[in-house]
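Student: Questions regarding the structure given below will be posed in turn.
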Amino acid sequence: MWDTIDNVTKELKGFHPGTQVEVEEFRVRMLGRKGVLTRLFDEFRNVDPAGKKELGKKLNLLKNQIQETLNEHKERLSRTETGKSRTEDMTKPADLLNAGSRHPIAIVQREILDIFRKMGFSVEEGPEIEDDWHVFSALNFAPDHPARDMQDTFFINNDSDNPVLLRTHTSSVQVRTMEKQKPPIRVVCPGRVFRNEAISARAHCIFHQVEGLYIDENVSFADLKQSILIFVREMFGSSARIRLRPSYFPFTEPSAEVDMNCNICGGAGCNICKNTGWLEIMGAGMVDPNVLKASGIDPEKHTGFAFGMGVERIAMLKWQVRDLRHYFENDVRFLEQFQSGLL
Ligand code: DAH
């Protein structure tokens, strides 16, 4: 008997089942009705009383050891088996939701509008598909005026005397506003515009503008200059400077082109400012009396200023992006860099 006990003890030490089935087989072989231990207990009955006490102790101990070993393996295997069927790691922190963000052009457009809102301007919008009257004629472009060539137009229907086209600038919204509102008028008009231009780092056939218009009694060029200066400083910081160069637009007289000191090279000269230290940021001027008249406003009583800027251009200067095309390609690696925090 002692030999059997030794063998079982050895076997128990080396027992390392890989499956629950092996555990169960071992249990039946040891503790089952015809199992080794059952047989040993049977034999135990006939053992000489002298050695009975010690043998009895040993048998009970062995039975307990077998039972414990079986329990341990059972538990270990059930742990790894559930581990196998679960492919997720339940302790891993959850993935963050990939929330979208505002497009950089939308962020800048909103910032531009907010600055002017604080100055008392309200926001007006108009259609992208426009007619010749609102884009050109009412803005003092004569029918065969060469200035029409300044902007290469996408025509939708060029047959009638008021062709339908994609607006080339948001100045059309000033006309629509003047047609329906009486002065004082103080509006900013954001929107998409379209021009038949070759796409490059500096130009695109679709882009965004914000137009501004202020009409009241006694509005002067000084008001224009100061409003633009306040805008530029709000947008680019209090050390930003502007300069106005005489220019020509059919809808303003006098007209100016507004430059800001180059914030990319700091004025030293770079390929963005074409080594001048200055960047053109918008066109502006005093609304031409013909434009006021065309929209039913008396130019003897009212004067006004207007300006128009490209949103992509302001965004390029703000973030020092050197290629306009990034704004249209929508590569998330680019877009992710402009989290506004305001969805
Ligand atoms: N509409 C002009 C353009 O697209 C920009 C512009 C210039 C708007 C002068 C204005 C202005 O209101 O006064 O190039």
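Student: Describe numerically, in nm with one decimal, the distance between label points set 7 Å from Cα along Cα→Cβ at Asn60 and at Arg245.
Tutor: Placing both labels 7 Å beyond Cα along the Cβ direction yields 10.8 nm.
Student: Which number do you get for Rg(Cα) / (2.2 N^0.38 Å) in the chain?
Tutor: The reported ratio for this selection is 2.09.
Student: Counting only residues 5 or more places away or on other chains, whose amide H sits under 5 Å from the amide H of Gly267 once H atoms are built in the peptide plane?
Tutor: HN-HN under 5 Å from Gly267: Cys262.
Student: Strictly over 28 Å apart at the Cα level, which of Lys13/Lys53; Lys118/Lys225; Lys92/Lys318 would you flag in this model?
Tutor: Flagged as over cut-off: Lys92/Lys318.
Student: If you fit an axis through the alpha-carbon atoms of helix 2-14 and take the longest principal axis of the Cα set of the chain, what angle between them do you get, 0 to 90°, nearest 10?
Tutor: 10 degrees
Student: On a 0 to 90° scale, report how tilted helix 221-236 is relative to the longest principal axis of the chain, with both axes built from alpha carbons and the result rounded to the nearest 10.
Tutor: Computed tilt is about 10 degrees.
Student: How big is the gap, in Å, between the Cα center of region 258-291 and the Cα center of region 31-105?
Tutor: Between the Cα centres of region 258-291 and region 31-105 lies a distance of 80 Å.
Student: Among all the aspartates and glutamates, which ones have a C-alpha under 18 Å from Lys57's C-alpha, if same-chain residues fewer than 8 places away are not counted?
Tutor: Within the straight-line cut-off, Lys57 pairs with Asp3, Asp6, Asp42, Glu43, Asp48, Glu68.
Student: Nearest 500 deg cm²/dmol is fine: what mean residue ellipticity at 222 nm does the chain get from its DSSP H runs of n ≥ 4 alone, each adding -39,500 (n - 2.57), divided by its residue count?
Tutor: Taking each H run of at least 4 residues, the total per residue is -12500 deg cm²/dmol.
Student: Translational D (Stokes-Einstein, µm²/s) of region 5-109 at 20 °C and 1.002 mPa s when Rh comes from the Kirkwood sum over C-alpha pairs?
Tutor: In µm²/s, the coefficient is 118.
Student: Ok, one more. By residue number, which cysteines of the chain lack any other Cys whose Cβ falls under 4.7 Å from their Cβ?
Tutor: Cys189, Cys205
Student: Moving to a separate point now. Taking Cα atoms, how many degrees apart are the long axis of helix 20-31 and the longest axis of the chain, rounded to 10 and kept between 0 and 90?
Tutor: Roughly 20 degrees between the two axes.
Student: Oh, and also: Considering only the chain, what is the antiparallel percent among its DSSP beta bridges, to the nearest 5?
Tutor: Percent antiparallel among DSSP bridges in the chain is about 95.
Student: Picking from Phe231, Phe15, Phe251, which is most flexible by a Gaussian network model of the chain using Cα springs under 10 Å?
Tutor: Maximum fluctuation in the GNM of the chain, among the listed residues, is at Phe15.
Student: Between Asp216 and Leu12, what is the label-point separation in nm under the 7 Å Cα-to-beta-carbon projection?
Tutor: 10.0 nm
Student: With a 1.4 Å probe and all protein chains in place, put Ile112, Ile107 in order of accessible area, largest first.
Tutor: Heavy-atom accessible area, descending, gives Ile107, Ile112.
Student: How do the peptides 88-98, 264-274 rank, highest first, by the average count of neighbouring beta carbon atoms within 10 Å per residue?
Tutor: Going from most to least packed, we get 264-274, 88-98.
Student: How much length, in nm to one decimal, is gained on full extension between Glu68 and Arg110, taken as 0.36 nm per residue of separation minus their Cα-Cα distance?
Tutor: Stretched out fully, the Glu68 to Arg110 stretch lengthens by 7.9 nm.
Student: Would you kindly state how much longer the chain becomes between Cys270 and Ala203 on full extension, computed as 0.36 nm times their sequence separation minus their alpha carbon distance, in nm to one decimal?
Tutor: 22.3 nm
Student: Given a Förster distance of 41 Å, report the FRET efficiency between Glu75 and Lys53 from their Cβ-Cβ distance, rounded to the nearest 0.05.
Tutor: 0.75
Student: Then there is this: Would you mind computing, in nm to one decimal, how far apart the modelled labels at Phe44 and Phe334 are, each placed 7 Å from Cα along Cα→Cβ?
Tutor: Going by the 7 Å Cα→Cβ label model, 8.4 nm.
The values are calculated or read from the model by the stated rules, or taken from the named source; none is laboratory data. Predicted model, so just to flag it, every value in this text is computed and none were measured. Neighbour counts run over all protein chains shown; Cβ positions are idealised from the backbone, glycine included. The protein model used for the area step is the full one, side chains on, heavy atoms only, and it has no ligands, DNA or RNA in it. Shrake-Rupley method; radii C 1.70, N 1.55, O 1.52, S 1.80 Å.
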